[in-house]
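Each remark here refers to the structure printed beneath this line.
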Amino acid sequence: MTLDAQNISNVSLVADKMNPRVAGVKPNPDYTLTLTFTNGQVKTFDVKPYLDKGVFRELRDMRLFNSVRPFLGSVQWKNGQDFCPDMLYVDSQVQNGETLLDAGAQNISNVGLAADKMKKMR
């Protein structure tokens with residue numbers, strides 16, 4: 001496959017449709033994670049519902065829970081537990097006074113910017 005303007009445009013469209021990825025993570029004492037995403041949103045993800053399931057049981061140990069780090073657009077703990085990056089974004093709660101409407105407006109704005117880019121490329 002040769003790389004031309006159409007292929008580059010298609011790659012750009014796919015990237016614009018993806019959910020933002022985790023850029024930063026802070027573990028909290030209540031077994032939640034404060035997540036900063038690549039679009040600048042700060043959201044909270046509740047890990048408590050998973051603490052009684054499989055490999056996530058280990059995370060009840062606060063020292064291990066606090067070992068969480070950003071990893072390939074998601075998060076990962078010292079013993080390898082991780083979550084799907086899309087689930088982290090979709091299932092987390094918006095922070096910093098931002099409403100879901102604000103987040104939707106940002107996504108609509110991003111779609112508009114992508115459409116403008118395509119028009120300019122043609």
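Got a sec? Which of 16, 30 is at pLDDT below 95 and either over 17 Å from residue 90 (Cβ atoms) or surrounded by 14 or more Cβ atoms within 10 Å (Cβ to Cβ) (or both)? Checking each option against the conditions leaves just 16. Within region 54-83, the set of residues being within 19 Å of the chain's Cα centre (by Cα), of a type in the set (A, V, I, L, M) and surrounded by 12 or more Cβ atoms within 10 Å (Cβ to Cβ) comprises 68, 75.
Counting only residues that are assigned to a helix (DSSP H, G or I) and in contact with a Lys or Arg (Cβ under 9 Å, 6 or more places away or on another chain), region 64-85 holds 2 of them.
The values are calculated or read from the model by the stated rules, or taken from the named source; none is laboratory data. This structure is a prediction, so every number in the text was calculated from the model and none was measured. Note: ideal-geometry Cβ built from the backbone for every residue, glycine included; neighbour counts use all protein chains shown.
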